[in-house]
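Engineer: Before I ask anything, let me first share the structure, which is written out below as structure tokens.
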Amino acid sequence: MFASFTLALALAGAVDAQPSQPPPQTTQPPPASQPPTEAQPVVPPFKPDFEIPKQPDALRPATPPVATEGYVIGAQDNLSIIVSDEAELTGKYRVDTDGTISMPYLSRVPLAGLSLADAQTKIASLLRAGFIRNPQVRIEVDQFKARSVLVTGEVRTPGKVTLPGTTMSLLEALALAGSPTVNASNEVIVIHPPKPGEQAPEPITINRRDLELGKAGRDITLQDGDYINVPVAKRFYISGFVKNPGSYVLDTGTTVSQAIILAGGLSERGTDRRIKVGRVVNGITVEISVDLSDKLQPNDEIKIRSRFF
């Protein structure tokens, strides 16, 4: 009996000595609609090696400045004169009709006809003569006087054309005058007014077609007081056996052959031999024989004859 009791105690100790097993845990796979996320690498923001500094709005010019290089001061100009460290002399000065300004210490100073650089030198020299030891003078045009050119002749709105600055191109002046009319010549005449003490320059004649194509007139710069004339077109007449007889604009240097081309060429019965031209000589219309290479004159009438066969 004691042996049986001892065996029972041993069995009970053996059961207590076994480690306890946790209940099994069931794992479920993540749903297919939500795949496991992976850690994304952190990318630093892009930073350029250098940055172009932005110009402050206050420093940006609203309109391009007017070029004043070589500009000659004239009456009614408003000048801004700056004399360093001399507040009494620095200010706005208007050029009077006699070409002078009234300036402290210097009274009347003639500036009309001088460039800005020459005017600066002159004022500095006058101040240095007995008022300031080493004057630093700068002159700018604060306001230009109303400058214009006169466009006359065969344009839609003849009259004065105001210059937006100190100069203007010939093509701009013609455009502002409303462009030439249908009766306008293909020539444009430009006359520059003479400068004081100089002879009047020769008129400049420009072919309008070459001007519009940029082949001529680029070297012509209009200034205040210039005169532009678009004359009435000179004409010639062609009659006889051509396809389109009538009146045509005569360009300088037009030949008889070119005139026939302008008239559409010869008709089926026309011939380019024995061509006669009616021309006014000393107030009398005479008939002369011409070659195809001969140049026409204003009001010439070309007479194209018929072939014999």
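Engineer: For the range 190-206, check the following and say yes or no: at least one residue is part of a strand (DSSP E or B), modelled with pLDDT under 90, surrounded by 12 or more Cβ atoms within 10 Å (Cβ to Cβ) and under 22 Å from the mean Cα position of the chain (by Cα).
Structural biologist: The answer is no; no qualifying residue exists.
Engineer: Right, here's the next one. Do you know which of the residues in the range 137-153 that are under 21 Å from Asn207 (Cα atoms) and either crowded, with 18+ Cβ neighbours inside 10 Å or of a type in the set (Ser, Thr, Tyr) (or both) is modelled with the lowest pLDDT?
Structural biologist: Val149
Engineer: Of the numbered conditions (1) β-branched (Val, Ile, Thr); (2) in the same structural domain as Val155 (by TED's automatic domain parsing); (3) crowded, with 19+ Cβ neighbours inside 10 Å, Val256 satisfies every one except a single condition; which is it?
Structural biologist: If we test Val256 against (1) β-branched (Val, Ile, Thr); (2) in the same structural domain as Val155 (by TED's automatic domain parsing); (3) crowded, with 19+ Cβ neighbours inside 10 Å, just (2) comes out false.
Engineer: What is the number of the single condition among (1) outside the structural domain of Gly217 (by TED's automatic domain parsing); (2) surrounded by 14 or more Cβ atoms within 10 Å (Cβ to Cβ) that Asn134 does not meet?
Structural biologist: Unmet for Asn134, out of (1) outside the structural domain of Gly217 (by TED's automatic domain parsing); (2) surrounded by 14 or more Cβ atoms within 10 Å (Cβ to Cβ): (2).
Engineer: Something else about it: For the range 214-237, indicate whether the set of residues that are free of Cβ contacts under 8 Å to residues at least 40 places away in the same chain and part of a strand (DSSP E or B) is non-empty.
Structural biologist: no
Engineer: For the list (1) within 30 Å of Glu88 (Cα to Cα); (2) within 23 Å of the chain's Cα centre (by Cα), I need the number of the one condition that Ala129 fails.
Structural biologist: (2)
Engineer: Something else: State all residues of the range 94-149 that are assigned to a loop (DSSP other than H, G, I, E, B) and closer than 23 Å to Leu222 by Cα; if no residue qualifies, say none.
Structural biologist: Residues satisfying the conditions are Val95, Thr97, Gly99, Leu111, Ala112, Gly113, Leu114, Phe144, Lys145, Ala146, Arg147.
Engineer: Out of everything in the range 245-303 that is in a loop (DSSP other than H, G, I, E, B) and of a type in the set (Ser, Thr, Tyr), what residue ends up being nearest to the chain's Cα centre (by Cα)?
Structural biologist: Thr252
Engineer: Is there a residue in the range 112-121 that is touching a helix residue (DSSP H, G or I) at 6+ places or on another chain (Cβ under 9 Å), at pLDDT 85 or above and in the same structural domain as Glu187 (by TED's automatic domain parsing)?
Structural biologist: No: the range 112-121 contains no residue that is touching a helix residue (DSSP H, G or I) at 6+ places or on another chain (Cβ under 9 Å), at pLDDT 85 or above and in the same structural domain as Glu187 (by TED's automatic domain parsing).
The values are calculated or read from the model by the stated rules, or taken from the named source; none is laboratory data. Small disclaimer: the values here were computed from a predicted structure and weren't measured. Here the Cβ is made from the backbone with ideal geometry for all residues, glycine too, and neighbour counts use every protein chain on show.
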